[in-house]
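The values are calculated or read from the model by the stated rules, or taken from the named source; none is laboratory data. The structure displayed is predicted, hence computed values, not measured ones. Here Cβ is always computed from backbone atoms with ideal geometry, including for glycine, and neighbour counts include all displayed protein chains.
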Amino acid sequence: MPTRYIIQKLLRALLTIWIIVTFVFIVLRLSGDSALMIFGPDVDAEAIKTLREDWGLNKPIWQQYLFYIEKVFHGDLGKSYLDGRAAFDVVMERIPKTLSLMGVTAIVTFLIGIPAGIYSALHHNTKTDRMTMTMSVMGLSIPNFFLGVLLILLFSVAWQILPSAGSETGWHYVMPVITMATAEASVFARFTRSAMLEVLNKPYIRTALAKGVPWKNVVREHALPNAAIPTVTIAGFFVGSLIVGGVVTENVFAWPGVGRLLVNAVANRDLAVVQVAVLLIAFSMVATNLLVDFAYGWLDPRVRDLRGEST
Amino acid sequence: MNGQINNGQPLLKATGLVRHFQVRQSKGLFGKKAVLKAVDDVSFAVNRGETFGLVGESGCGKSTTARLILDIDKPTAGTVDFKDQQISGLPPADRRQLALQMQYVFQDPLGALDPRMRIIDQVAEPLHIHSQASGSVCRDKAADMLLSLDLKDHVFQRYPHELSGGQRQRVVLARALILEPELLICDEPISALDVSIQAQVLNLLTDLRERMRLTIIFISHDMSVVRHTCHQVAVMYLGKIVELAPNDLLFQSAAHPYTQALLSAVPIPQPGLGRKRVLLTGDPPSPIDIPAGCRFHTRCRFAEPLCSEHSPQFKPLREGQWVACHVAHGDT
Amino acid sequence: MLPKSKSSADKEKSLPLLQITDLTVDFDLPGGWVRSLHGINLEVYPGEILGLVGESGCGKSVTCMAMIKLLGPRALIRGQVEFDGQDLLALDEKALTQVRGRDVAMIFQDPVSSLNPVHTIGRQVVESIHYNTPPLPLNQSQPLGEQVQSAVEQQSRLTGSEARERAERLLTRIGIPEAKQRLQDYPHQLSGGMNQRAMIAMALAGQPQMLIADEPTTALDVTIQAQILELIRDLRHEMGMSIILVTHDLSVVAETCDRMAVMYCGRIVEEGLVQNMFADPHHPYTRGLLASLPRIDQRTDKLPTVEGSVPAPHEMPSGCSFEPRCQWSLNECRIQHPPLISCADGRTIACFNPQRGAV
């Protein structure tokens, strides 16, 4: 893939990150006097004044901005007032749990959703196809908090075979992953199916068959690579919905991850932690989009050649 | 029907039309800026009552020229005069007047019609917009128009997808002609139609031209059709007109090597003719990267050293026949 | 130089390479079953170019794709397609895959969209070479084991650079300049003419006995069309291939084909030597088509036309499908469909009231 393409995308990603960082700054400052928000209105003026000086809140806004950028660069994103440690550390220590939940969910989603979609496309309009599609509609219609609570009622309360909170053992993963993966796999199944169907109708599939390439090889080498291109688009959305779904699921199942931490921090006005969590989510999205862009360039040679007309 | 019809002032005059596009080529970090010369100094005049043919292969600039004439696109340079009035930069009221006098028919009849409007309403719509007449009067006029184009009334209430290709093209024509324009510009009007329908629509166009005293600019890549329909023909290559002549003169004694190659490539429905073919090698150059000198010299079998140095002037060879070629004019 | 025309006597002496008998194709569409081909009978002889002509919906492409079963699961194909002794329709998918590309190759309209956009040209040509390397002929005097060994070696040797070399040679032979560079290009980077040449190269990789060209030049400029048709004619001479050329352009047929078959609404209405059919077309549809063609060497005020238009599949007239547009129709024509019968000069025609004379 041409270097030009990679560098362009990287530059764009960096620009996006800078805009996000600035945006977070603006929103936090705009949402009112931070000091008051943290401590509430009935704390003595002395404490607030100290806090203000600590955070440089009494300086002009552009100075605060530069101060802030510098701190971000150095990784100093403030202190969690609930915990006492650096907010950055507080968030980072929760990441492994969240990542492991997302990772397992992603694996399950890909292993079930994509093959189901491909199989349905290859057996278009048969009973299996229709059944899979009906199930996928049901799967993506159920809200994940509803599904999560339902599963807990069934497996933890009624039958008492699965734990409903925490993340110590492998069994703890079962219900949260099912909760998140059901909707995701359904989306992938539907999307992969329609991407495959569209590709299978293209003239070049017919050409490959006419050349004497066996059907299995045609599907593997001609259809799948082309169907992968639109599928990569939803990979971007997928990461976003994993994050959102993760926040809800973690709270339903008391999963000790970033999502749970975030909800807690918002409820308790732990600003620094909220800030770190928001930045983290934003960076993940930017990184994901960057990877999607690279994947496009790798998968579709037409994208790599620049086009563009202007009058 | 021989030679050209010359009734005084030309109805439409194009002078030095240029249309360049700024594009980015895939070179270097951010791409290299380049200029796509779609139309590169095109001049011609169309006389009242004639069918003027603009021919060439893909990428020659004929469709872009059509858009410039219709003022759908603004030229980078050059002017278009309709009835001695320049059409670019007109105030809106005058532009509306212009639309009444200049109409067009493009290649894809299905794409040109609104899939959700009934046939009769689509044909009546232009009249409705541009005149004060009531809805029913417009529809009556539309019905008359459709009938005169051999469309039966059971078609009127239908939708475009329910019609055949030939019928759709007639509907598009009806809609274009209901305002009784003086000039009709057709860009590949029959290419998308079945062969047995093409002749019907061609005859129809000739008929309409006589009945409604139309002037037609006929753009096509199909030389056989142009031979049959047009009084004057201009041949385009890579954005320039290389030859312009009356029909018989062009087809019987073409002077430009490209025209000759083009004509010899056109198949004739007569087996065993054993024609001598002029075969051009390779592909035409890209309009981003036009050769220096005469733009055809890279594929020309008569190319001389002069041809790669100087671009030939477009000037008359003999009565009515204009050619841009050093060799044809004997300048080498 | 065209080979000498075959009279009916000659035809009896040489056997056809391809014999299609009573080919019928029905499609399972959302609105019900629709018949696309109504019992096609057609022959193609070794080394000849047969033109298959007709307008949209006549079934010419369906005929070609039905021959090698490229129509997909919604098509019901019946009849016989005898190619070089075996009935292609009776073969199972595995055997048919062997035939495709190796014995019968097919190229399509609009080369840019008929090629995989994410594979390089080189990869697609190598793919053809890989799947269609003709088997080595068996040598009686050599031990079988050795021959199998060398066949395997040839196959495995053909991977990688050997195959790419062959691909490059193939592209050069087809008239693509700088073939080595072109191997790395993607279809969208080449012109329509170059892509069509690449498709032809892929089709020739297996040295097939028959090439089916489905409107190969319709999407191309006329000067490029002339090049491609010249190429096809040269290939016929060099390789002795039979070619079925599908087109709607009768002029192309006149200049390229030996014999032609005219199709209308899923049936063959007339078939015979190109010379005879152009000089003296019998079927009213053929006559109408020829008369209505504008030519660059002639000019008339008004072109004769064929009235009406092709009926939609669900609006097929009973009796002869051309009857509503025919100026010579008889009562018979409305009742039943005329059968395909042979004439004196070797042609076949399906008409109750055939006409004679030049158009």
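One table, with the values for the structure above:
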read-out	value
Boolean, C:P46 is without any contact (Cβ under 8 Å) to a residue 24 or more places away in the chain, assigned by TED's automatic domain parsing to the domain that holds C:E215 and either loosely packed, with under 15 Cβ neighbours inside 10 Å or in a loop (DSSP other than H, G, I, E, B) (or both)	no
Those helices (runs of 4 or more DSSP H) lying entirely in region C:120-175 with at least 2 residues at pLDDT 80 or above and within 26 Å of the chain's Cα centre (by Cα)	C:121-132, C:161-173
Residue within region B:69-91 that is in contact with a Pro (Cβ under 6 Å, 6 or more places away or on another chain), surrounded by fewer than 18 Cβ atoms within 10 Å (Cβ to Cβ), within 29 Å of B:S191 (Cβ to Cβ) and at pLDDT 85 or above present	no
Among (1) in contact with an Asp or Glu (Cβ under 7 Å, 6 or more places away or on another chain); (2) farther than 30 Å from B:L262 by Cα, the one test that C:V274 misses	(2)
Residues located in region A:198-246, provided they are in a helix (DSSP H, G or I), within 12 Å of another protein chain (Cβ to nearest Cβ) and in contact (Cβ under 8 Å) with a residue 24 or more places away in the chain	A:V199, A:L200, A:A223, A:L224, A:P225, A:N226, A:A227, A:A228, A:I229
Condition met for C:C257 (within 13 Å of C:E48 (Cβ to Cβ) and at pLDDT 90 or above)	yes
Evaluation of A:V104 against (1) of a type outside the set (D, E, K, R); (2) buried (at least 19 other Cβ atoms within 10 Å of the Cβ); (3) touching a residue at least 60 places away in the same chain (Cβ under 8 Å) (one fails), failing number	(2)
Residue list for region C:181-191, restricted to those being buried (at least 20 other Cβ atoms within 10 Å of the Cβ), closer than 21 Å to C:E215 by Cβ and not aliphatic (A, V, I, L, M)	C:P187
Some residue of region B:173-184 being at pLDDT below 90, surrounded by fewer than 22 Cβ atoms within 10 Å (Cβ to Cβ) and closer than 22 Å to B:S63 by Cβ	no
Whichever residue in region A:214-261 is closer than 30 Å to C:D92 by Cα and touching a Lys or Arg at 6+ places or on another chain (Cβ under 8 Å) and, among such residues, is surrounded by the fewest Cβ atoms within 10 Å (Cβ to Cβ)	A:P214
Residue that is in contact with a Pro (Cβ under 7 Å, 6 or more places away or on another chain) and within 25 Å of C:N276 (Cβ to Cβ), where the choices are C:V118, C:V53, C:V44, C:V34	C:V44
Subset tally (residues that are farther than 19 Å from B:G59 by Cβ and either touching a residue at least 60 places away in the same chain (Cβ under 8 Å) or part of a helix (DSSP H, G or I) (or both)) for region B:283-317	6
Residue in region C:267-316 that is surrounded by the fewest Cβ atoms within 10 Å (Cβ to Cβ), counting only those that are more than 7 Å from chain B (Cβ to nearest Cβ) and among the aliphatic types (A, V, I, L, M)	C:A312
Filtered residue count, region B:296-312, keeping only those that are crowded, with 17+ Cβ neighbours inside 10 Å and small (G, A, S)	2
Elements of type strands (runs of 3 or more DSSP E) in region B:179-244, at least 2 residues being within 14 Å of chain C (Cβ to nearest Cβ)	B:215-220, B:232-237
Some residue of region A:285-295 being more than 16 Å from the chain's Cα centre (by Cα) and within 14 Å of chain C (Cβ to nearest Cβ)	yes
Options B:G89, B:G49, B:G53, B:G59; residue that is within 14 Å of chain C (Cβ to nearest Cβ) and assigned to a loop (DSSP other than H, G, I, E, B)	B:G59
Among residues of region C:78-97, those that are crowded, with 16+ Cβ neighbours inside 10 Å and in a helix (DSSP H, G or I), counted	4
Extreme residue, farthest from the other protein chains (Cβ to nearest Cβ), among residues of region B:252-270 that are among the hydrophobic types (A, V, I, L, M, F, W, C) and under 21 Å from B:G330 (Cα atoms)	B:A255
Tally of residues being more than 26 Å from the chain's Cα centre (by Cα) and hydrophobic (A, V, I, L, M, F, W, C) across region B:86-118	2
Single match in C:L52, C:L70 (criterion: assigned to a loop (DSSP other than H, G, I, E, B) and in contact with a helix residue (DSSP H, G or I) (Cβ under 7 Å, 6 or more places away or on another chain))	C:L70
Residues located in region C:212-234, provided they are within 21 Å of C:G122 (Cα to Cα) and either touching a Cys at 6+ places or on another chain (Cβ under 9 Å) or more than 13 Å from chain B (Cβ to nearest Cβ) (or both)	C:P216
